[in-house]
Every structure is written in structure tokens, then in C-alpha cells.
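Coordinate-derived values only; no laboratory data. All values reported here derive from a predicted model rather than from experimental measurement. Here the Cβ positions follow ideal geometry from the backbone for every residue, glycine too, while neighbour counts run over all protein chains shown.
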Amino acid sequence: MISLGLEPTAEECSRAQCRAAGSWRIDWRNPRIHTGDRRKTWLACDEHVEFLRGFLEARDFPLEVAPLSESAGARS
Ligand SMILES: [Zn+2]
């Protein structure tokens, strides 16, 4: 079974029904189900980065938010 979960395949905001291009990446983990250094990565547009961060913070999930342009480095 392949379960890469929510790994983004496009640079699109992870907020449901938002098709905007993500300009932030949120790396987070759920300590209850993710062991070791397993992480999920969400992308967020400017409008939803605070929503998604708040969603995770409300659950006490460790997370890191970084501008996508700095962390990706693969854009030209
Ligand atoms: Zn969005």
C-alpha cells in the first residue's frame, strides 16, 4: 500500500477548495500518529497560511512555517 498521504504534488494551497498557488509551506507532525521524523507538508496561500497554522496549533502539533520560495529553491 502506498500512502504518501498529503504530500503535495502541485504547488497549490492545502486549504480545502482553495486552488490558489501556495506561497508558504507548513511542515507539521501529529505526535500521536507520526513517529520519529515523519512529517506532513502543507502548502498555503497568503490568505490561508494563518488558518492552517491555527488549525494545527489548536491541536498542539509541532509545526514550521516557511516561505516556499526560500525552502523550495527549485524554481527558476
Ligand atoms: Zn488558500
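Of note:
- Shown is the FRET efficiency for Arg32 and Glu57, computed with R0 = 22 Å from the Cβ-Cβ distance and rounded to the nearest 0.05: 0.90.
- Burial ordering of Val49, Val65, fewest other beta-carbon atoms within 10 Å first: Val65, Val49
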